[in-house]
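The values are calculated or read from the model by the stated rules, or taken from the named source; none is laboratory data. All of these numbers come straight from a predicted model, not from anything done at the bench. Cβ placement follows ideal geometry from the backbone for every residue including glycine, while neighbour counts extend to all protein chains displayed.
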Amino acid sequence: MQLQKVKILGAGSIGNHFSHAARTIGASVDLCDIDQQALQRTKEQIYPARYGSWDDSINLHSSEEAPKGGYDLIIIGTPPDTHNKLAIEAIKEKPKAVLIEKPLCTPDFHLVEELINTSNEFNVPVFVGYDHVVGMASNYASDLAMQSKGNIGSLTTLDVEFREYWGGIFNAHPWLDGPSDTYLGYWQRGGGASGEHSHALNLWQHFSRVFGCGRVVEVSAMMEYMNDGKVDYDSICLLNLRTENGLCGRVVQDVVTEPPRKWARMQGDQGFIEWHCGYQPGCDAVLLNQSKNKTQEELFPKSRPDDFVAELRHIEKSLETNPALSPIALHRGLDTMLVIAAAHLSARKSCSVIIDYSKGYKLEALDLVVRKMERV
Ligand SMILES: NC(=O)c1ccc[n+]([C@@H]2O[C@H](COP(=O)([O-])OP(=O)(O)OC[C@H]3O[C@@H](n4cnc5c(N)ncnc54)[C@H](O)[C@@H]3O)[C@@H](O)[C@H]2O)c1
């Protein structure tokens with residue numbers, strides 16, 4: 001189905017990307033924000049600087065006066081600690097779908113149960129903005145993985161890293177003084193490396209599923225927390241993971257590494273597949289090595305704005321089939337939140353944490369390995 005009418009909440013960095021992406025696929029755009037200055041910045045600075053000129057057909061609204069009802073897609077592009085409340089209200093407008101930006105919510109799962117119930121009650125599918133798992137390069141890597149018998153054999157381990165100094169974010173937000181001015185400086189509000197770069201964890205979970213290795217059931221984390229009495233966030237988040245089918249691997253997310261490295265490696269017993277974001281300027285890549293032969297390189301030229309166009313196209317296609325099967329379906333974003341929450345518990349208690357999915361998407365699904373052993 002074609003998305004024709006899109007509403008976007010939050011006229012910040014991601015709100016601009018999606019306004020541009022929605023216009024690129026021919027949809028009308030209502031862009032809303034609680035902050036009048038954010039709307040003004042969008043029109044005068046962010047949008048023209050990124051995409052060449054302002055697009056007069058984009059309607060800007062203060063949130064209080066935003067139109068309601070009749071949308072194909074409502075996008076929640078606000079800070080993570082506001083996502084669920086806004087998404088629940090958006091679902092009640094009965095759009096064809098709602099897209100919530102990553103990370104889905106705060107690591108305490110605030111309003112998650114109500115979000116799931118409202119999505120079911122109104123029959124409105126919810127997607128979560130982990131765009132990398134529906135990009136060209138990861139689709140290609142997944143296709144290779146599905147023919148893994150002919151390619152790299154059985155998966156022996158999986159590594160994903162999203163390491164990127166977040167100075168670029170603050171350069172793009174000159175009105176912010178630093179992490180303390182935004183949710184980014186507070187892990188409990190969805191910030192820090194664990195939330196901001198959770199694309200890495202989500203990609204790990206995605207490739208694990210593609211290889212048939214299942215969901216993460218055990219998390220052992222080490223975090224570097226920055227806490228000066230003002231900010232409280234993890235600048236480095238190191239995760240050792242094990243899945244229900246026994247796959248053991250690693251995720252690294254940090255907000256300190258420059259130049260950045262966004263990379264995944266699927267090591268099989270007969271070769272490897274590597275996924276690279278920004279392999280060359282303007283290009284992602286997938287490398288394939290089978291049976292120690294010469295490594296083959298497949299390049300995927302694209303810009304960052306292209307990622308969001310691809311994401312909207314993916315949503316269009318998913319709505320024609322079964323949205324629950326999408327790699328960016330709500331339950332996939334919730335699986336990522338469970339591991340983020342488990343990681344903070346593990347790091348703070350210096351202990352591995354196990355995840356019991358039968359308890360639902362809540363803190364009760366997490367248990368320290370020692371506590372579990374004491375009970376047995
Ligand atoms: N998928 C990606 O790669 C990607 C890229 C950038 C940002 N994001 C995500 O998008 C979200 C927003 O990030 P950003 O960088 O655009 O932030 P931002 O600070 O640039 O913009 C957020 C905007 O939301 C507005 N806002 C706050 N509460 C609101 C409300 N209740 N209703 C309407 N507007 C409200 C703020 O005034 C602000 O203008 C975060 O969850 C972030 O992680 C994802």
Given the structure, is Glu93 within 10 Å of the ligand (Cβ to nearest atom), under 16 Å from Asp30 (Cα atoms) and more than 18 Å from the chain's Cα centre (by Cα)? no
Do we have any residue at all in the range 26-39 that's in contact with a Ser or Thr (Cβ under 7 Å, 6 or more places away or on another chain), more than 9 Å from the ligand (Cβ to nearest atom) and within 30 Å of Pro107 (Cβ to Cβ)? yes
If Pro174 satisfies every condition in (1) away from the ligand (no atom under 11 Å from the Cβ); (2) within 20 Å of the chain's Cα centre (by Cα); (3) modelled with pLDDT under 95 but one, which is the exception? (2)
Qualifying positions in the range 282-304 - under 22 Å from the mean Cα position of the chain (by Cα) and either surrounded by fewer than 16 Cβ atoms within 10 Å (Cβ to Cβ) or outside the structural domain of Ile152 (by TED's automatic domain parsing) (or both): Gly282, Cys283, Pro301, Ser303, Arg304
Looking only at the range 40-56, which residues are more than 13 Å from the ligand (Cβ to nearest atom), among the hydroxyl-bearing types (Ser, Thr, Tyr) and outside any loop (DSSP other than H, G, I, E, B)? Tyr51
Only one residue in Ala141, Ala193 is assigned by TED's automatic domain parsing to the domain that holds Ala221 and either more than 26 Å from Arg348 (Cβ to Cβ) or out of contact with any Asp or Glu (no Cβ under 8 Å at 6 or more places or on another chain) (or both). Which one? Ala141
Give the number of residues within the range 26-39 that are part of a strand (DSSP E or B) and of a type in the set (D, E, K, R). 2
Name the single residue that is surrounded by the most Cβ atoms within 10 Å (Cβ to Cβ) among those in the range 1-25 being within 16 Å of the ligand (Cβ to nearest atom) and assigned to a loop (DSSP other than H, G, I, E, B). Ala11
Looking only at strands (runs of 3 or more DSSP E) that fall completely inside the range 249-356, which ones have 1 or more residues that are under 18 Å from Asp131 (Cα atoms) and not aliphatic (A, V, I, L, M)? 261-268, 271-280, 283-290, 296-301
Looking at (1) closer than 23 Å to Ile236 by Cβ; (2) outside any helix (DSSP H, G or I); (3) not polar (S, T, N, Q), which is the one condition that is false for Tyr361? (1)
Report, by residue number, each residue of the range 162-204 that is among the aromatic types (Phe, Trp, Tyr) and either touching a strand residue (DSSP E or B) at 6+ places or on another chain (Cβ under 6 Å) or within 20 Å of Leu111 (Cβ to Cβ) (or both). Phe162, Tyr183, Tyr186, Trp187, Trp204
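Here is a yes/no grid of residues against (1) within 11 Å of the ligand (Cβ to nearest atom); (2) in contact (Cβ under 8 Å) with a residue 40 or more places away in the chain; (3) outside any helix (DSSP H, G or I):
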site: Leu104; (1), (2), (3): yes, yes, yes
site: Pro107; (1), (2), (3): no, yes, yes
site: Thr156; (1), (2), (3): no, yes, yes
site: Asp159; (1), (2), (3): no, yes, yes
site: Gln188; (1), (2), (3): no, yes, no
site: Trp204; (1), (2), (3): no, yes, no
site: Gly212; (1), (2), (3): no, no, yes
Looking only at the range 57-72, decide whether some residue is surrounded by 15 or more Cβ atoms within 10 Å (Cβ to Cβ), away from the ligand (no atom under 11 Å from the Cβ), over 18 Å from the mean Cα position of the chain (by Cα) and closer than 19 Å to Gly129 by Cα. yes
Which of the residues belonging to the range 57-97 are of a type in the set (Val, Ile, Thr), under 24 Å from Pro323 (Cα atoms) and in a loop (DSSP other than H, G, I, E, B)? Thr78
Condition met for Leu9 (within 20 Å of Leu111 (Cβ to Cβ) and of a type in the set (A, V, I, L, M, F, W, C)): yes
Return yes or no: is Asp234 among the charged types (D, E, K, R), away from the ligand (no atom under 14 Å from the Cβ) and surrounded by 24 or more Cβ atoms within 10 Å (Cβ to Cβ)? yes
